[in-house]
Every structure is written in C-alpha cells, then in structure tokens.
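The values are calculated or read from the model by the stated rules, or taken from the named source; none is laboratory data. Since this is a predicted model, take the numbers as computed values, not measurements. A quick note on method: Cβ atoms are made from the backbone with ideal geometry, for glycine too, and the neighbour counts reach across all protein chains shown.
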Ligand SMILES: *Cc1c(COP(=O)(O)O)cnc(C)c1O
C-alpha cells in the first residue's frame, strides 16, 4: 500500500498513472503553472479570496442532507452532499473559481476552455464575467447543435463560443482545438481544464480545488453523527473531479470504502458505453497516462452515455491508481439504471438530480449496506439541464 493516494509524486504520477505528456511548444506554459501553483494556492491572499468567493458567490458550504425516505427504502443511513445547490448548478464552479484566481495571479488576461455538454464552458464563462477577463470556449459543432441552452448561457455571459469542426465534432475535437489555441497564444493565455485530467499539475490542482467537498463532509458528518468517517463515499466519474473532491479527505482513511460509478451506457459490452476502467487500457490521453478506451491500434473510441458529463473516453490518473491498487471500488450504471435512480430520488425526496449524479445513486442497488452504516453520496448537480431527456422518458412510459 502506498503512503498517500491523494497527491502525486514530483513528476505528477499517482502510482504508474499521470505525468505530463505534452508537445514541446506547450512546455513553457505547463512549466510556469507547475512551478507556481502550490505557492499561489497556499498564499494567504489566495486563500482569503478563494474562500470568500466559495462562500458568497458559489453558495458554500453546501448542505449535507440526511435523506430519510431514501434511507428507509435502502435500510441504511444515506446522506446527500448537495453540490446541486452551488451557483451554476453543479460542483464545477469550485474548480473554475480556483483556476481563475491562479490565472489572475499569473498575469493572464485571456482564458480558454473546452466543453462537451457546455457545463464546464458555462462555469468558466461565469468566472470570466466575474473577473472581467476575455473567455473563449471551444465546443464541438455537433455539441453546439445539441446543447443550445448552454451555448446561449455562455454567450449571455460574454464568452465567445468557437465550433470545433474536425473529426467527430465533439469533446475530444474541442480539446484539440483548445490545445492548438494555447500553443499559438502561449504568453497571455490560461487554459482552464474542467476535470482531474490533463498534464501535471492539472489533476492535482483540480483535486485540491474540489477537495472542499470532502472537507465539508467530515465536519458536517461529525456534527450530525458524532463521527467524521462514513462507511462509504460514493460519486459518479466522468473525468473524475466531483469524485476526487468527495473522496479526497477519505482516501488515506482505510476504514472508508471509496466507491466510483462510471457510465455503462447501453451496457458495458454493448459497444455504447463509457465505463473506462472496465473497457480501457493504459494509454496517453490529453496529456497524461491513464486508462483510455481505445482500439487495438490505439485509436480513441467514441464513448456513449445518456449523460453528457460522463461521456468521456478517459479517467483522471488519481482514479486510475485507485482502480489499479484496489483502493477504490469501480462500479458502473447503465442509462436505464440512472434514469430509474433519478425518478426515484425525485419521488422520494423532492430532488431532481443531474443525470450524472443519478449514476452515483444507482449504486444503492449494487452494494449492500448495514442498517447502522452512514453512506455519503455526492449529488454533483441538479437536473434542470436534463429536463428534455426526462420529458422524453415520461412521454414514452
Ligand atoms: C461535468 C459533470 C460531471 C462529470 O465530471 P467529473 O469531472 O467526473 O465530476 C458530473 N456531474 C455533473 C453534474 C457534471 O456537470
């Protein structure tokens, strides 16, 4: 067993995963960030501003809610960490607030980001408006057509949305465009990455920004139950940022079970899935070594999930290490199981979850807990953005 699962080594490796696999042209940018990020984050002025914005702008701390009817149904004690109540409707803003403050301290005036469904694009456009910084969001042309409300939000917030027209015209093509932009404008540009992925130090930096989730859980659980440590923490994993935040302060507590839920789409082996740890092999994607869904000859496979936020062919290196070492238990939930869990939460607790978060809830049907156990599930986001999908389900059932 290694001493800590939380932090990578000096080169950005969690076990055998991570690192920084980048084109030479990007080396100065990534190196500037690597050399400075910890000192910036630990400085008193950063901490004061970051904590102030989390509280007064994002609406933290978010509640830890004892879900009594859900608990009764599963015969255990279920607590929901309400990231759905954050400004912009999900945990993503914890990270974009942190990164915009780092960008500002590095003197960067131009912010770029990639987005799939538009959630990270909206969270980035939001903090750019907050700071009066230029914001350019790369988004696949196909995603722009599919996600009109988020495109409108980004534009209303003052961002420029640039379509990625190559390849499958989705997230990985948008990421390629953002990297190209960064290479062409290295001096003035900061690239805000939306999950615990990318070259070192991004996975570590994003995990630290999201770790506020588990820090609050420990304090809140202690207030409610007298103990800081639950039996298990459960979160869905796309790239893995809400999961990294939920797990972070429990990773080195061996008594706490770490449970990650990936998207199985139409079924893990259906050919339409995003269950990376079950289908992927070690490889390089977007600047770091991790599990990647790929063909025999290394072509990245197009993933599928009903939830756009989990529709990613990789997984952050922190999670790859949790999987490889057995510290984390990796489950998957199908589109249908997630839908069932979303409707169940709506009817039992009056909370409509994001489809991503519904995958975490679906784990309750896959793991048996004892009556006295305390189980914490991260409700990463709210379901407003998924109402089209929910309406289609109701129309056909
Ligand atoms: C983006 C998103 C996710 C997936 O991203 P992670 O980095 O894996 O957390 C999960 N839930 C919601 C609500 C999201 O918007």
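Before moving on, here are some points about what is shown:
- Here is the figure for the stretch 75-99: residues that are surrounded by fewer than 21 Cβ atoms within 10 Å (Cβ to Cβ) and under 30 Å from residue 369 (Cβ atoms) total 5.
- Take the conditions (1) under 21 Å from residue 62 (Cβ atoms); (2) crowded, with 23+ Cβ neighbours inside 10 Å; (3) assigned by TED's automatic domain parsing to the domain that holds residue 77; residue 216 misses just one of them, which is (2).
Condition check ((1) part of a strand (DSSP E or B); (2) more than 16 Å from the ligand (Cβ to nearest atom); (3) over 18 Å from residue 332 (Cα atoms)) across all residues:
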| position | (1), (2), (3) |
| --- | --- |
| 227 | no, yes, yes |
| 233 | yes, no, no |
| 252 | no, yes, yes |
| 277 | no, no, no |
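- Residues in the stretch 23-54 that are part of a loop (DSSP other than H, G, I, E, B) and either at pLDDT below 95 or over 25 Å from residue 4 (Cβ atoms) (or both): 1 in all.
- Residue 167 away from the ligand (no atom under 15 Å from the Cβ) and outside the structural domain of residue 321 (by TED's automatic domain parsing): yes
- The set of residues from the stretch 180-198 being surrounded by fewer than 22 Cβ atoms within 10 Å (Cβ to Cβ), outside any strand (DSSP E or B) and either within 16 Å of the ligand (Cβ to nearest atom) or touching a residue at least 40 places away in the same chain (Cβ under 8 Å) (or both) comprises 181, 182, 183, 185, 186, 188.
- Unmet requirement for residue 177, which otherwise passes all of (1) without any contact (Cβ under 8 Å) to a residue 60 or more places away in the chain; (2) crowded, with 19+ Cβ neighbours inside 10 Å; (3) in a helix (DSSP H, G or I); (4) more than 16 Å from the ligand (Cβ to nearest atom): (1)
- Any hit, the stretch 159-179, residues being in contact with a helix residue (DSSP H, G or I) (Cβ under 7 Å, 6 or more places away or on another chain), at pLDDT 95 or above and within 30 Å of residue 61 (Cα to Cα): yes
- Pairs where the first residue, in the stretch 229-241, is in contact (Cβ under 8 Å) with a residue 40 or more places away in the chain and closer than 13 Å to residue 193 by Cα and the second is part of a helix (DSSP H, G or I) and near the ligand (Cβ under 6 Å from one of its atoms), C-beta under 8 Å, 6+ apart: 241/92
- Condition check for residue 357: touching a helix residue (DSSP H, G or I) at 6+ places or on another chain (Cβ under 8 Å) and closer than 21 Å to residue 265 by Cβ: yes
- Some residue of the stretch 295-316 being at pLDDT 95 or above, in contact with a strand residue (DSSP E or B) (Cβ under 9 Å, 6 or more places away or on another chain) and within 11 Å of the ligand (Cβ to nearest atom): yes
- Flag for residue 371 being assigned to a loop (DSSP other than H, G, I, E, B) and modelled with pLDDT of 95 or more: yes
- The stretch 254-275: number of residues that are farther than 11 Å from residue 328 by Cα, away from the ligand (no atom under 14 Å from the Cβ) and in contact with a helix residue (DSSP H, G or I) (Cβ under 7 Å, 6 or more places away or on another chain): 4
- Answer residue from the stretch 339-348, given it is surrounded by 18 or more Cβ atoms within 10 Å (Cβ to Cβ) and touching a strand residue (DSSP E or B) at 6+ places or on another chain (Cβ under 9 Å) and is nearest to residue 117 (Cα to Cα) among those: 342
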